[in-house]
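Before anything else, here's the structure in question.
Values quoted throughout were computed directly from the atomic coordinates according to the rules given, and no laboratory measurement underlies them. Quantities reported herein were computed from a predicted structural model and do not represent experimental measurements. Here the Cβ positions follow ideal geometry from the backbone for every residue, glycine too, while neighbour counts run over all protein chains shown.
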Amino acid sequence: MSSTTATAPSPTTSPAARLSHLLSDTALIFNRYLRQTVRSRLGLVFGLLMPLLYLFFFGPLLRDLPLGGEGDAWQTLVPGLMIQLGLFSAAFCGFAILIEKQNGIVERMRVTPVSRLALLLGRTLKDVLLLLVQSLVLVLAAVALGLRTPVLGAVVGFLFTGLLTISLASLSYAFAMRVNTPQEFAPVINAVNMPAMLLSGLLLPMSLAPQWLNVVSHFVPFRYLVDAVRAAFVGDYWTGTVGVGALVAVGFAVVSVTVGTRVFTKAGA
């Protein structure tokens with residue numbers, strides 16, 4: 001785990017002490033996995049490759065296309081790519097748990113007094129930091145290509161990306177705790193991710209889709225996040241679009257972290 005040893009709080013410990021214990025445990029887990037991530041520089045580079053390819057090769061194709069709604073092609077594409085980063089990268093975070101289970105790391109963690117919630121939060125916060133750095137690089141590259149957006153709009157986009165990462169990483173880790181091999185994990189994630197990507201309007205607004213497909217897309221929560229970030233990128237912060245997106249993002253995050261924590265607790269991870 002680390003050279004630092006966590007100590008479990010006693011049943012009579014005050015709430016403030018329990019919170020302090022949770023925060024210190026979360027920081028311990030966060031630092032452990034952040035160091036692992038930083039050492040894997042190749043993984044960091046290739047994590048940015050796909051959205052940057054979309055940015056450089058797909059963006060120019062949209063420049064003169066009538067997309068409808070507000071904003072230009074970059075203000076439509078870049079918010080979708082930010083959500084795509086969270087959707088694909090965070091959803092596959094559970095692979096790390098599968099590797100740890102095979103190497104006996106999860107089993108060794110079971111005998112430590114580290115908070116089960118901290119085991120989830122530490123991992124998830126590392127994923128949030130990584131995705132925010134990648135999103136920042138993406139936005140800066142888009143600005144160089146012609147994106148014009150208010151700074152506050154970009155900040156709102158980062159917040160939505162962070163919330164989405166918390167949600168999907170928590171669910172991904174929880175699912176990975178329930179399966180034993182990548183052969184079980186990967187097909188399910190792919191089966192969920194592909195229709196979610198198409199129906200959320202990541203690359204093109206769903207207003208361009210046939211009416212029946214547009215209706216179906218309203219049952220996909222990621223659509224509301226994409227619409228909210230696009231609204232923020234054109235400066236419409238106080239519209240119902242951003243408000244609904246925020247409610248969906250926060251609600252999804254609360255449910256996902258709750259599910260993830262229960263799975264970690266029951267699995268004794």
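Rounded to a whole number, what is D in µm²/s for the chain from Stokes-Einstein with the Kirkwood radius over alpha-carbon pairs (20 °C, 1.002 mPa s)?
110
Could you tally the net charge around LEU34, taking each other residue with its Cβ under 11 Å from the Cβ of LEU34, Lys/Arg +1 and Asp/Glu -1? Numbers along the way, then the final one.
On the way: positive: ARG32, ARG35, ARG39, ARG123, LYS126; negative: ASP127.
Cβ neighbours under 11 Å give a net charge of +4.
Sticking with this structure for a sec: If you take the charge dipole of the chain about its Cα centre, with +1 on Lys and Arg Cβ and -1 on Asp and Glu Cβ, which of LEU34, ALA186, LEU136 is farthest toward its positive end?
LEU34
Show that you can apply the helix-only estimate: for the chain, add -39,500 (n - 2.57) for every DSSP H stretch of four or more residues, divide by all residues, and state [θ] at 222 nm to the nearest 500. Walk me through the numbers on the way to the answer.
Working: 12 runs with 192 residues, N = 269.
Calculated at 222 nm, the ellipticity per residue is -23500 deg cm²/dmol.
In addition: If neighbour count is taken as other Cβ atoms inside 10 Å, put VAL255, VAL139, VAL78 in order from fewest to most. Mind showing how you got there, number by number?
Working: VAL255 13, VAL139 22, VAL78 28.
So the residues, fewest neighbours to most, are VAL255, VAL139, VAL78.
Below 8 Å between Cα atoms, with a sequence gap of 6+, how large is the relative contact order for region 15-267 in percent?
Taking the mean separation of contacting Cα pairs over the length of region 15-267, I get 28 percent.
Using the number of other C-beta atoms within 10 angstrom as an exposure proxy, rank VAL226, VAL155 with the fewest first.
On the way: VAL226 27, VAL155 10.
Placing the least packed residue first, the sequence is VAL155, VAL226.
Please arrange ILE166, ILE29 by how many other C-beta atoms lie within 10 Å of their C-beta, fewest to most.
Least crowded to most crowded, the residues run ILE29, ILE166.
While we're on this one: Nearest 20 debye, what's the magnitude of the dipole of the chain about its Cα centre given +1 on Lys and Arg Cβ and -1 on Asp and Glu Cβ?
Approximately 900 debye in magnitude.
Given 5 Å bins starting at zero, what is the percent of C-alpha pairs of region 43-190 in each, up to the one with the largest pair distance?
Histogram of Cα-Cα distances, whole percents per bin: 2, 9, 17, 18, 17, 13, 9, 7, 5, 2, 1, 0.
In whole percent, what relative contact order does region 134-266 give with Cα contacts below 8 Å and a gap of six or more residues? Let's see the in-between values first.
Values: 114 pairs, mean separation 49.6, N = 133.
Rounded, it is 37 percent for region 134-266.
Right, something else. For region 198-265 and region 32-52, write down the distance between their C-alpha centroids in whole Å.
26
Taking the Cβ-Cβ separation of ASP236 and THR258 as r and a Förster radius of 30 Å, what is the calculated FRET efficiency to the nearest 0.05? Each step should come with its number before you reach the end.
Values: r = 31 Å, r/R0 = 1.04.
With R0 = 30 Å, the Cβ-Cβ based efficiency is 0.45.
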